Amino acid sequence: MSIIVNGSATPLPPDPRVSLLDLLREHLKLTGTKKGCNQGACGACTVLLDGERVVSCLTLAVQAEGRAVTTVEGLAQSDKLHPLQQAFIDRDGFQCGYCTPGQICSAIGMAAELERGVPSHVTGDLTAGTIAASREELAERMSGNLCRCGAHNGIIDAIAATFISKEAAQPYRPDGPEMAA
Amino acid sequence: MTPFQYSRATSAAEAVQSAGLEAAKYLGGGTNLVDLMRETIERPAVLVDVTGLSANIDEREGGLLIGAAVRNTALAEHRVVRERYPVLARAILAGASAQIRNMATVGGNILQRTRCAYFYDDEGSRCNKRTPGQGCDALDGFNRMHAILGTSPACVATHPSDMCVALAALDATVHLEGRQGRRTLALTDLHRLPGDHPEIETVLEPGELITAVELPPLTMASTYRKVRDRASYAFALVSVAAALRVEDGAVKAVRLALGGVAHKPWRAWKAEAALKDGPVTAEAFRAAAEAELADAAPLRDNAFKIELAKRTMVSVLGELAGEAA
Amino acid sequence: MNILEQAGEAAKGAAQGVLKKAIELAPDSWLPGGRPDPLIHHQHGHVGKPMSRIDGPLKVKGAARFSAEFPLVGMTYAAVAFSTIAKGRIATLDIKAAAEAPGVVLVMTHLNAPPMKPTPLFMTHSKAAGGDNLAVMQDDRIHWNGQPVAVVLAETQEQADHAKSLIRVEYEAEPATTSLAAAKAQGTGPGQFMGEPLKLEIGDAEARLVEAPHKISATYRTPRQNHNAIEPHAAMLVWNGEELRVHDSSQGVAHTAWSLAKIFDIDEKQVNVTSPYVGGGFGSKCLWQHQVLGAAAAKLAARPVRIALSREGVFRVVGGRSLTEQHVAIGAQPDGRFTSIIHTGVTVMTRHNAFPEPFIVATRSGYAADNFKLDVEVAYIDMVANTFMRAPGEAVGTFGLECAIDELAEELGMDPIELRIRNEPEKDPTEGTPFSSRHIVEAYRAGAERFGWSQRTAPGMRREGEWLVGMGCATGTYPYYRMPGGAARITLTRDGRATVAVAAHEMGMGTATVNMSIAAERLGLPLDHVSIEYGDSTLPGVILAGGSQQTASIGASVIAAQRVLVTELLKLAGNDSPLAGLGADQVGGYDAGLAKLDEPERHESYASILSRAGRDEVVAQASAPPPLELQHWSMHSYSAIFCEVRVNAVTGETRVSRVLGSFDCGRILNPKTAASQFRGGIIMGLGLALMEETEFDERNGRIMNASLADYHVPVHLDVPPIEVIWTDIPDPHTPMGAHGVGEIGITGTGAAVANAVYNATGKRIRDLPLTLDKLM
Ligand SMILES: Cc1cc2nc3c(=O)[nH]c(=O)nc-3n(C[C@H](O)[C@H](O)[C@H](O)COP(=O)(O)OP(=O)(O)OC[C@H]3O[C@@H](n4cnc5c(N)ncnc54)[C@H](O)[C@@H]3O)c2cc1C
Ligand code: SF4
Ligand code: FES
Ligand code: FES
């Protein structure tokens, strides 16, 4: 009768109404996972459940019994940030930072889906063995994570630079054309 | 959320037994039910989690038998679905977000409820579906997202699923298990039109469980097109599931279904009849679309859907015809 | 009272008339900007270099704590019930079942709420923070559909939410005004903004329009919108005796503290509001009923309270941007020169607030013309008080104005950029003041070149499969503001470290980061020797994170505090220092100490000054001078927005495929975070253009899409790569040479998209958002 959260077994809440999100935030004080809508409509609460990205606000904690949950707090290895976390800083993939944990967890789940060959709404050839991770593919796959600050470009760049290749991201050159007219 | 008891079923029989109560509900991924419970629109006393039941996808007689607990992502990524039923893969992938598709089950997707905003507004709006006889605030309110076909003065809501539109076009059957035993139903017969009782959305008996969905073989090119208000993560204004086989310059076989236009996934029988054995031309496609939408009734905000549905049908058929040619 | 004091007082109350008088008499020397900020000329320091956010590591780890994330011992969770009628009174209130539900600690309604004074309405006092001026839960009156009618406190959120659902309220409804037509029929009144009428007539614009050989006259409509920051509003409140402690999500901590003190009739010092991180604000994170209700309930229950609004709750309790109906008419000579500019129309607001969406403000200084008629009329509706939302006025006003210019260019057969350049004013066309720094033409030229504007075809001429492709552009503009009340404290310690404390806010703009680098440079310290304290109402200053003015306000405050610091240090340095005999204006921070500005060898380190004086630290605090630069010059940020759209000829779906923003916003202090601000504004502009609309049911005044599933904001797939470039020309009349960068991006974007859609399809849509039904 427990859930494994970032590697540690955690008892189930006594009240089955408690969502996985509230279990994390209120019971375990793991407030890194955010609540933007509590309705499945923003993605801020995205966590990895047995490695797959889900919205924790619409997951009852009891549904996660016996399963492994990874939250944003479980990504960094001791002092070292996950490469994607570092890329978010390097590419300025956030402003207020409220959607950020959800974006990061979602992107990690997404990378595994891409690797597995899961197609998306914008995939041209459904039968292709490998899917070219174009910018459009990444954007479609990340569309379940809203960002109101408008950090979208930086987010996709951070993801592309981490999981695809440095070249897949837009150039970010402090002295480049973007930086001075 | 109203308090409830939670249990997990390990077999269909056990599930049906545990759900003996009127106030019991099956729980799939929870992406619709938990949301509605939080809004106190659904108030089950017992939740029977059926995600532990069959999540297999088996090839059977050239078709597929899909367990009701199969997650939407798993179905869309299945090799056979991608190769032989692209319309289904595309419909699923056009719905919701990756996170929600990872959670949502086949059974739950089929039985998800309308997204009508007045239905969701438990405190502030009247809705016959929520409270029979109360009246329908959508009739003269915001109804841009609402139905144009098969509506009634009692309710003009749409069924929001994308997957079901593909299933309707694919002649899918639904396997059911209830206290009276097992039965199968054509998916197109499962959902009801609102009539005088919009609160009754399907022909399921109380406590009846969806155990599987079966797809017959498909030997046509197929695809799905969804038109919506933003590029992704939005419900359909109109969607079209289509399958087409052209032989000797004529339509040999065709299946068409529409989403976003009715209280149920709308199989376009009239359009199919108009197309069958006819020419593969834009004019013929248009005529078929006109036939299907001849009875469409616009509301205050959604008249555009009539033309949109027609144009989208023509465009999708054109695309498939081009592929077939 | 001397002129200075008078000006200061006047500025506080935003009584612009007095301020104007003061300026005429004022000597230039004490005008901020009379002498350019020396920092402008530093070219090799921290300022102007791209710098990653200092709060980045915390945010990517999920370790930054937002308002709802401070656990308090004994905390209760709140749930709020909202009214379902727009006007009338509560007839019966059945709370029995709720009060008896498991875990319930308190049910608060108007029958038991503690006495509270009306909320101080924004702009009625320099520290007022309220969205409306109503007293909260003091009687049975209902003023809008969605007004809080009860608050439940319980031991868990689940229990509170459930108990709330058991409350039954019956109302006695009264006739309400909930439709635009009904509101207009009742007559409109003149709009006022920042103490000035939103009305201006110069010459005879109507007559000149009639005579003009070329003209455009059209009506443009923009709908209600909501901010929808991804973090919903939330606060944690606890009373310690008569002292109120609040963790809030706030863009005005000092304002909120003062206003709460007024409401609870206690001293300002008894309220402490902190807000270290804000999950997006855009104008919405000020004082609304939830903080007041949370404080009242905490008082009544004698328990700490967490009140976190649901997403629906945010729509019900927090106002958004109001709708506008704008009439724009421009008369032009055959060479394109404008003779007459008319921009008039209606917006709606409530009787309880003072914020008519000021959609004409950009038109006041946009283009040269001799005849102007500008007028915002207000109609009154029973609804939640509307408020500022990112670039209030300009975001929607530029939609009308910049579409009209595009239409006129078409009529004249002229390139729309050329038409704009031809009407570039030499000085502010309505105020007559000189521009402090305006390089919009340069921005257009650079942008057009990079974007490939010359590839633009005639309307409806480019088609790729089902997709029609078009290009459009528009000018964006947003004023430079610096609100009165800025103050800062610098604490310098003997080990050569400084802490700058200022009651400012970090909502994602990069405020903390950029101000750390500015302070380091001003003080001549390495970055890691400077820290910034902010987001706390007990810190100096009354600084609003709004109007894109925070950085200017902090900048001016730090300049003032530094001057005090330098004066004090020179005193401490005494006659044995290489600095002996120098005045505060002759020295600056350099190499961890002070040096003579034009003779840097005359230098003494902070450590040396302090140890010689036997001091561990020096603390200097000062207020920024009143923002008189605003009276002297016409000051604005500018942009030229270019966009390429693809419109599906079959379905009418519009996708924006390319955007370039070319900005003229003074000196760019941190290119990295500024670029993000520009992009963020543009993306919100794409939402405004294509999809955003708050659905207000005109039958009963209820918002019907109070969720993020139904209120659409752009998703990743809606957002193309956005290129941003800038002139980087410092404004000599502002601190650091900078202008605001937070709001400019959204301005002009709506029109750029609409103009591109016209170029793609030949269809002119004057009604936002540009949904596909309008394009089929
Ligand atoms: C923000 C958002 C956006 C969305 N966008 C889309 C979209 O664009 N397109 C789209 O198609 N969908 C969309 N959805 C809906 C989503 O697809 C459904 O919520 C999901 O498919 C439901 O599946 P579930 O397993 O989670 O169902 P649940 O929520 O678990 O259950 C739904 C219903 O089915 C019943 N049920 C579940 N399993 C069975 C069974 N085996 N037998 C009998 N009854 C059963 C439940 O009792 C309940 O009444 C969206 C949802 C959200 C939250
Ligand atoms: S359309 Fe149907 S679901 Fe919507 S309010 Fe009317 S009755 Fe209810
Ligand atoms: S909080 Fe879960 S999707 Fe928004
Ligand atoms: S960074 Fe603020 S919402 Fe994404």
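No lab work stands behind these numbers, since they all come straight from the coordinates. Computed from a predicted structure; not experimentally measured. In this analysis, Cβ positions are derived from the backbone assuming ideal geometry, glycine residues included, and neighbour counts consider all displayed protein chains.
Take the Cα of A:S78, step 7 Å toward its Cβ, do the same at C:R563, and the gap between the two points is 5.2 nm.
For C:T339, the amide hydrogen comes within under 5 Å of the amide hydrogens of C:G331, C:A332, C:Q333, counting only partners 5 or more places away or on other chains and with H modelled in the peptide plane. Once the Cα-Cα distance is subtracted from the 0.36 nm per residue extended length, the B:D248 to B:A303 segment shows a gain of 16.1 nm. For region C:288-307 versus region A:1-77, the inter-centroid distance based on Cα atoms is 28 Å.
Cross-link check: pairs C:K427/C:K763; C:K61/C:K672; C:K285/C:K427; B:K264/B:K305 evaluated at a Cα-Cα cut-off of 25 Å; pairs beyond the cut-off: C:K427/C:K763; C:K285/C:K427. Taken residue by residue and averaged, Cβ atoms of other chains lying within 10 Å of the Cβ of C:158-170 number 3.
Amide H to amide H, with H built 1.01 Å from N, C:L323 comes under 5 Å of C:R224, C:V348, counting only residues 5 or more places away or on other chains.
For region C:437-499, the equivalent ellipsoid derived from the Cα gyration tensor has semi-axes of 49, 16, 13 Å, listed largest first. Considering only A:Q63, A:T33, A:P13, the residue lying farthest towards the positive end of the dipole of region A:2-74 is A:T33, judged by Cα position with unit charges set on Cβ. Within chain C, which is the longest segment containing none of the GluC sites (Glu not before Pro) that sit in a DSSP loop and have at most 14 other Cβ atoms within 10 Å? In chain C, the maximal stretch lacking such sites is C:432-776. Legend: mean number of C-beta atoms from other chains within 10 angstrom of residue C-beta atoms, peptide A:15-22, equals 6. With R₀ set to 35 Å, the beta-carbon distance separating C:A613 from C:D585 gives a calculated FRET efficiency near 0.95.
Here the 3J(HN,Hα) profile of region B:268-274, calculated from phi with Karplus coefficients 6.51, -1.76 and 1.60 at θ = phi - 60°, is 8, 4, 5, 5, 4, 4, 5 Hz, Gly and Pro shown as x. Here the residues C:K373, C:K96, ranked from fewest to most Cβ neighbours within 10 Å of their Cβ, fall in the order C:K96, C:K373.
Between C:E196 and B:T131, the modelled labels are 5.1 nm apart [label points 7 Å from Cα along Cα→Cβ]. In a simple Cβ point-charge model (Lys, Arg +1; Asp, Glu -1; nothing else charged), region C:566-690 has a dipole of about 680 debye relative to its Cα centre. Given a Förster distance of 25 Å, report the FRET efficiency between B:N56 and B:A23 from their Cβ-Cβ distance, rounded to the nearest 0.05. E(calc), rounded to 0.05, equals 0.25.
What the phi angles of region B:228-240 give under the Karplus curve with 6.51, -1.76 and 1.60, with θ = phi - 60°, is a coupling list of 8, 7, 9, 5, 7, 6, 8, 6, 6, 7, 8, 9, 9 Hz, glycine and proline written as x. Using the Cβ-Cβ distance between A:R116 and C:S454 with R0 set to 30 Å, the FRET efficiency from 1/(1 + (r/R0)^6) comes to roughly 0.10.
Over region A:2-74, the hull volume per residue, using the convex hull of the C-alpha atoms, is 71 Å³.
Couplings 3J(HN,Hα) for region C:504-515, derived from phi with the Karplus relation 6.51 cos²θ - 1.76 cosθ + 1.60 (θ = phi - 60°), are 10, 9, 10, 10, x, 6, x, 3, 4, 5, 5, 6 Hz, where x marks Gly and Pro.
Length available on full extension from C:D140 to C:R65: 0.36 nm per residue minus the Cα-Cα distance, which gives 23.3 nm.
Count the DSSP beta bridges whose two residues both fall in region B:5-51, then state the antiparallel fraction as a percent rounded to the nearest 5. Of those bridges, close to 0 percent are antiparallel. A Cα-only calculation for region A:71-170 places Rg and Dmax at 13.2, 42 Å.
Projecting the Cα atoms of C:A545, B:P153, C:A368 onto the charge dipole of the protein assembly as shown (Cβ charges, centred on the Cα centre) puts B:P153 farthest toward the positive pole. Between region B:1-47 and region B:180-228, the alpha-carbon centres lie 20 Å apart. Pull up the cross-link candidates among the aspartates and glutamates for B:K25, meaning alpha carbon to alpha carbon under 14 Å and not fewer than 8 places away within one chain. Here the aspartates and glutamates satisfying the reach criterion relative to B:K25 are B:E14, B:D35, B:E42, B:D49, B:E205, B:E208. Expressed as a whole percent, the proportion of Cα-Cα pairs in chain C lying more than 46 Å apart is 23%.
Annotation: the antiparallel percentage among DSSP beta bridges lying fully within the protein assembly as shown is about 80. Within chain B, which is the longest segment containing none of the trypsin sites (Lys or Arg not before Pro) that sit in a DSSP loop and have at most 14 other Cβ atoms within 10 Å? Counting only loop sites that pass the neighbour cut-off, the longest clear stretch is B:1-178.
Above 61 Å, the calculated P(r) of the protein assembly as shown contains 11 percent of its Cα-Cα pairs. Looking at region B:17-89, the GluC sites (Glu not before Pro) that sit in a DSSP loop and have at most 13 other Cβ atoms within 10 Å of their own Cβ are B:E22, B:E61.
Semi-axes of the equivalent ellipsoid for region B:222-324, computed as √(5λ) from the eigenvalues of its C-alpha gyration tensor and ordered from largest down, come to 23, 15, 11 Å.
Modelled label positions at C:E243 and A:A68, each set 7 Å beyond Cα in the direction of Cβ, lie 4.8 nm from each other.
Over the protein assembly as shown, dividing the summed -39,500 (n - 2.57) contributions of all DSSP H runs of at least 4 residues by the number of residues returns a 222 nm mean residue ellipticity of -8000 deg cm²/dmol. Between C:D767 and C:S605, full extension at 0.36 nm per residue minus the direct alpha carbon distance yields a gain of 52.1 nm. Between C:F282 and any residue 5 or more places off or on another chain, the built amide H atoms are never under 5 Å apart. Counts of other chain beta carbons within 10 angstrom of each beta carbon in peptide C:670-679 average 5. Counting only alpha carbon atoms, the long axis of helix B:282-293 and the longest principal axis of chain B meet at about 30°. Among beta bridges from DSSP that stay inside chain A, the antiparallel ones total about 85%.
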